[in-house]
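Student: Input: one structure, supplied below.
The values are calculated or read from the model by the stated rules, or taken from the named source; none is laboratory data. Bear in mind the structure is a predicted one, so any value in this text is a computation, not a measurement. Cβ sites come from the backbone with ideal geometry, for glycine too, and all protein chains shown count toward neighbours. Note: accessible area is taken over every heavy atom of the protein model, side chains too, but ligands, DNA and RNA are not part of it. Shrake-Rupley method; radii C 1.70, N 1.55, O 1.52, S 1.80 Å.
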Amino acid sequence: MDLDTCNKISARQLEEMLDFLLKERWSSPDDRLPAVMVWGPPGAGKSAIVKSVAQKNDCCFIDLRLAQMEAIDIKGLPVPEKDGVHWKISAVYPRDPESRGILFLDELSACDRTIQTAAYELILDRKLGDDYRLPGNWLIVAAGNRIEDNASAVAMSSALANRFLHVELDYDPKNWINWALKSGIHGSVTGLMRYKPDLLADTNENTQNLERGFPTPRSWERVSVLFDRLPADAPQELLRSMICGLVGNSAGLEAISFYNLYQEMQNVLQMMLDPDAEVKIPSDLAKRYALASALSRMVWNTGAGSEELRLAGFFRISLEMPGDFAAMTMLDAMESGKQTGQDCMKLITHPAYKEWIKKHGKALRGRTA
C-alpha cells in the first residue's frame, strides 16, 4: 500500500468509521477512544458527512465553526468568586449526562494557534477546567482544509495533532457518483462525472479563480439543485450565468453542454414506451453517457406510462448498448431505484433479464468485481 494514501478514505468509509466510534462510546464510554480529525479540500462534503452520521443515528449534532470564535468562546469567561476563579462555560455545550451526539469542531485548521490551544483540553481530556465535562456519549469530530488546498489553513502543532485519529477524505469520482445516485443528484450531473470525472474538483489556483466559483463536490450539488428547479426551456444566458457562477467558466460550460444533451435524451421515454420504436444508440460518447444516465432514472418514472412498458423498454434499449454502458446503466438504475423507494428486484426478476445477463453479464461482473 502507498504510505501517502493509507489514511485516505471514501465518504462511505468515513461514515462507517464515525458510526463505529459513536456506537462504541454509547456502549462503553472510554476517554481513550480518539477524537477524529477529517482533512480535505473545500467543498468535499466533510461537514455534511459528519452531520448525516448524527442524523442516521438520531442523535444530537453541535456544529462549532472555530474560525469564527475567540478563545474565550471555547474556554469560557473567567468569573472571580469567593472560593476562586470559576469559568462560565458557553451554553452551546451539552449538559445532560444522558444525551448522545457529535460535537463537531469545524474549520479547526483555519484557526490561529490561540484558538487551537484553547481547544486542546476539550479534545484531549473532554473537559474545560474544573467546571465542565463533555458527557460520555458524545464523540468529538473536527475538520479542516489542508495547506495545499489554497484555502485558509494554519499548520497544526504536533501537540494538537497527536490528540487525533487523522483521516483524509478522498473524493474519488466513483465514490462520489455512488453517493450522488443515492442522494438524488440530477442525472445530468452524475452523467457528466461519468463522462469527465476530472471535473469533480479543481482547487488549483493556476487553473481556477478561487475568489469566484470553482468545481467541488459541494458546488456540483448546488448545480444539481438548480437543474432540478430550472424550467426545461430556461434561457441559455440564464444557465450560463448561474452555473458558471457556481463551478467556474470552463466546468460550467461543460455542465451546460451536457445538461442540454441530457434534455435531448428525454425522448428516450417515448422510445421506452413504444415497443415498435426503433432503438438508436448514439455513437457520440457524451450522448451515450447522457442516454445511460437518463435511462437509469426514467425506468422509475412513475408519472410516465405503465411500469410494464417502462421495464420492457429499459431492457429493449439497454440490450442494444455496448456492454460497459449497459452494465453502468443497470447498476445506476438499481441505485436510483433504491433512492426513490422502488422495488429494484423487478429488474432482476424481469423475463428479459436472462437475455440481458447472457449478453452483458461479463461487463456487469467486471464492474462489480
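Student: Just checking, how many residues over segment 68-84 are crowded, with 17+ Cβ neighbours inside 10 Å and under 29 Å from M17 (Cα atoms)?
Tutor: 3
Student: For S336, only one of the following conditions fails: (1) at pLDDT below 85; (2) open to solvent by 40 Å² or more (accessible area, probe 1.4 Å). What is its number?
Tutor: Here S336 meets the rest and fails (2).
Student: Then there's this: Of the residues G248, G305, G323, only one is on the phi > 0 side of the Ramachandran plot and within 29 Å of the chain's Cα centre (by Cα); which? Show your work before the answer.
Tutor: On the way: G305 fails: within 29 Å of the chain's Cα centre (by Cα); G323 fails: on the phi > 0 side of the Ramachandran plot.
Step by step, each of G248, G305, G323 is checked, and only G248 is on the phi > 0 side of the Ramachandran plot and within 29 Å of the chain's Cα centre (by Cα).
Student: Counting just the residues of segment 1-39 that are more than 30 Å from L246 (Cα to Cα) and hydroxyl-bearing (S, T, Y), which one comes out modelled with the highest pLDDT?
Tutor: That would be S27.
Student: Inside segment 69-119, can you point out the residues that are at negative phi and touching a Lys or Arg at 6+ places or on another chain (Cβ under 7 Å)?
Tutor: L77, V79, W87, D106, A118
Student: Among the numbered conditions (1) loosely packed, with under 14 Cβ neighbours inside 10 Å; (2) touching a helix residue (DSSP H, G or I) at 6+ places or on another chain (Cβ under 9 Å), tell me where M298 comes up short.
Tutor: Evaluating M298 over (1) loosely packed, with under 14 Cβ neighbours inside 10 Å; (2) touching a helix residue (DSSP H, G or I) at 6+ places or on another chain (Cβ under 9 Å) leaves (1) as the failure.
Student: Within segment 40-59, restricting attention to residues that are modelled with pLDDT of 90 or more and of a type in the set (A, V, I, L, M, F, W, C), which residue is surrounded by the most Cβ atoms within 10 Å (Cβ to Cβ)?
Tutor: V50
Student: Further, regarding this structure: Could you list, in sequence order, all residues of segment 214-254 that are in contact with a Gly (Cβ under 9 Å, 6 or more places away or on another chain) and among the β-branched types (V, I, T)?
Tutor: Once the filter is applied, which keeps residues that are in contact with a Gly (Cβ under 9 Å, 6 or more places away or on another chain) and among the β-branched types (V, I, T), segment 214-254 yields T216, V223, I243, V247.
Student: Same structure, new question: Give me the pairs: first residue in segment 348-361 and without any contact (Cβ under 8 Å) to a residue 12 or more places away in the chain, second residue open to solvent by less than 100 Å² (accessible area, probe 1.4 Å) and in a helix (DSSP H, G or I), beta-carbon distance under 8 Å, and six or more apart or on different chains, which are they?
Tutor: Correct list of pairs: I357/L364.
Student: Related question: Please give the helices (runs of 4 or more DSSP H) falling wholly within segment 215-283 in which 3 or more residues are open to solvent by 60 Å² or more (accessible area, probe 1.4 Å). Quick ask: steps written out before the conclusion?
Tutor: Values: elements: 217-229, 236-247, 249-264, 268-273.
Result: 217-229, 236-247, 249-264.
Student: List the pairs whose first member sits in segment 62-87 and is within 28 Å of I102 (Cβ to Cβ), whose second member is part of a loop (DSSP other than H, G, I, E, B) and of a type in the set (A, V, I, L, M), and whose Cβ atoms are under 9 Å apart, counting only residues at least 6 apart or on separate chains?
Tutor: Pairs found: I62/V92; L64/V92; D73/V92; K75/I89; G76/I89; L77/I89.
A quick yes/no check of all residues on (1) basic (K, R); (2) open to solvent by less than 70 Å² (accessible area, probe 1.4 Å); (3) assigned to a helix (DSSP H, G or I); (4) closer than 25 Å to K280 by Cβ:
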| position | (1), (2), (3), (4) |
| --- | --- |
| G313 | no, yes, yes, yes |
| M330 | no, yes, yes, yes |
| G341 | no, yes, no, no |
| L347 | no, yes, yes, yes |
| K354 | yes, no, yes, yes |
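Student: Right, another one. Step by step: first the residues of segment 85-105, then only those that are out of contact with any helix residue (DSSP H, G or I) (no Cβ under 9 Å at 6 or more places or on another chain) and open to solvent by 30 Å² or more (accessible area, probe 1.4 Å), then the one that is farthest from D73 (Cα to Cα). Which residue is that?
Tutor: Narrowing segment 85-105 to residues out of contact with any helix residue (DSSP H, G or I) (no Cβ under 9 Å at 6 or more places or on another chain): 85-86, 88, 91, 94-99.
Going one step further and asking which of them are open to solvent by 30 Å² or more (accessible area, probe 1.4 Å), we end up with 85-86, 88, 91, 95-98.
Values: V85: 17, H86: 15, K88: 10, A91: 10, R95: 16, D96: 20, P97: 22, E98: 24 Å.
Ranking the candidates gives E98 first.
Student: Among A326, A286, A304, which is open to solvent by less than 20 Å² (accessible area, probe 1.4 Å), more than 22 Å from S183 (Cβ to Cβ) and outside any helix (DSSP H, G or I)?
Tutor: Working: A326 fails: outside any helix (DSSP H, G or I); A286 fails: outside any helix (DSSP H, G or I).
Going through A326, A286, A304 in turn, just one is open to solvent by less than 20 Å² (accessible area, probe 1.4 Å), more than 22 Å from S183 (Cβ to Cβ) and outside any helix (DSSP H, G or I): A304.
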